[in-house]
Amino acid sequence: LVEKLGKKLAVLAVDPSSPRGGGSILGDKTRMPQLTLHPRAFIRPSPASGSLGGVARATREALLLCEAAGYDVVFVETVGVGQSEVAVHGLVDFFLLLMLAGAGDELQGVKRGIMEMADALLITKADAGNEQAARRAARDYEGALHLFPPAASGWTVPVRTCSALSGAGLPEAWALIVDYAAQTQASGYWQQRRAQQQLQWLDEAVRQALEAQFYGRAGVQGALPGVRAAVAAGQLTPWAAAGQLLGAS
């Protein structure tokens, strides 16, 4: 993207945070030494800091800043999402799901609810003698995708193999993204999806503001230690405790 197409590229990489100490390694730049030094590239690792959905709390704001700074392409790398961690789908125009060969058969693929939100699947590490296993995994996931309802975009979700080591399949993966953008912009789905994302983040902003206001009230702050102690001791159910705190607000 940077060398052959002359794009300005930003990478927002989200690292998992320790549930105990809260720290993150933030070592993504060490895996991209050439890109880190390129004048048309920007890499920003951020800790998840307990945020769910595979992204950090301020990832959306960082993405908007990168767009405003003139970056043509912004990659959002998540911590490694699961079935319920799909907040990144509300951030991006194209949701690329990376899978490993041998991660599961068709039935396991169906169980992964995140597949329903993917715009394309890439089976990675198709190299070093693993090519046949990668192609077999691609066929398995293609079979699983046939069991899902058609995408609202009208786009048929493709499954491809690739190798970061050899570069095989990477140009084809970028071509898929370009084709998706052209098709959905022509149909109007691209604009519709962005509008839906704006509404989702409006709801999220309201929830965050209400939570901050609630816990910032003096009555709640005064009642919270005793209520938490009662819940921990089994003297009060969480639902009853929530009612008490709401009454104290």
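The values are calculated or read from the model by the stated rules, or taken from the named source; none is laboratory data. Being a predicted model, the structure only gives us computed values, none of them experimental. Heads up, the Cβs are rebuilt from the backbone with ideal geometry, glycines too, and the neighbour counts pull from every protein chain shown.
A few remarks follow.
Residues checked against (1) closer than 19 Å to V11 by Cα; (2) touching a Ser or Thr at 6+ places or on another chain (Cβ under 8 Å); (3) modelled with pLDDT under 90; (4) of a type in the set (S, T, Y):
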| site | (1), (2), (3), (4) |
| --- | --- |
| L52 | no, yes, yes, no |
| E61 | yes, no, yes, no |
| F75 | yes, no, no, no |
| I123 | no, yes, no, no |
| P158 | no, no, no, no |
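- Scope the range 123-160; condition under 30 Å from Q192 (Cα atoms) and hydroxyl-bearing (S, T, Y); matching residues: Y141, S153, T156
- One residue from A209, A205, A152, A232 being at pLDDT 95 or above and out of contact with any helix residue (DSSP H, G or I) (no Cβ under 6 Å at 6 or more places or on another chain): A232
- Entry remark, the range 140-164: residues being surrounded by fewer than 12 Cβ atoms within 10 Å (Cβ to Cβ) and either outside the structural domain of L96 (by TED's automatic domain parsing) or more than 21 Å from the chain's Cα centre (by Cα) (or both) number 5 in total.
- Counting only helices (runs of 4 or more DSSP H) that sit completely within the range 106-218, those holding 2 or more residues that are among the aromatic types (F, W, Y) correspond to 170-187, 189-216.
- Qualifying residue in the range 188-197 (condition: of a type in the set (F, W, Y) and either farther than 22 Å from Y141 by Cβ or over 20 Å from the mean Cα position of the chain (by Cα) (or both)): yes
- Only one of A87, A68 that is assigned by TED's automatic domain parsing to the domain that holds M32 and at pLDDT 85 or above: A68
- Test set (1) at positive phi; (2) under 23 Å from the mean Cα position of the chain (by Cα) - G234 fails condition number: (2)
- Test: residue in the range 236-245 that is closer than 18 Å to F94 by Cα, touching a Lys or Arg at 6+ places or on another chain (Cβ under 9 Å) and surrounded by 11 or more Cβ atoms within 10 Å (Cβ to Cβ): no
- Flag if A229 is surrounded by 10 or more Cβ atoms within 10 Å (Cβ to Cβ), in a helix (DSSP H, G or I) and under 31 Å from the mean Cα position of the chain (by Cα): no
- Selection status of R207, surrounded by 13 or more Cβ atoms within 10 Å (Cβ to Cβ), out of contact with any Cys (no Cβ under 6 Å at 6 or more places or on another chain), outside the structural domain of E116 (by TED's automatic domain parsing) and not β-branched (V, I, T): no
- Residue check, R135 of a type in the set (K, R) and either within 26 Å of G6 (Cα to Cα) or surrounded by 13 or more Cβ atoms within 10 Å (Cβ to Cβ) (or both): yes
- Sub-6 Å Cβ pairs linking a first residue in the range 186-205 that is hydroxyl-bearing (S, T, Y) to a second residue that is outside any helix (DSSP H, G or I) and surrounded by 10 or more Cβ atoms within 10 Å (Cβ to Cβ), at least 6 apart or interchain, are Y189/S153, ordered by first then second residue.
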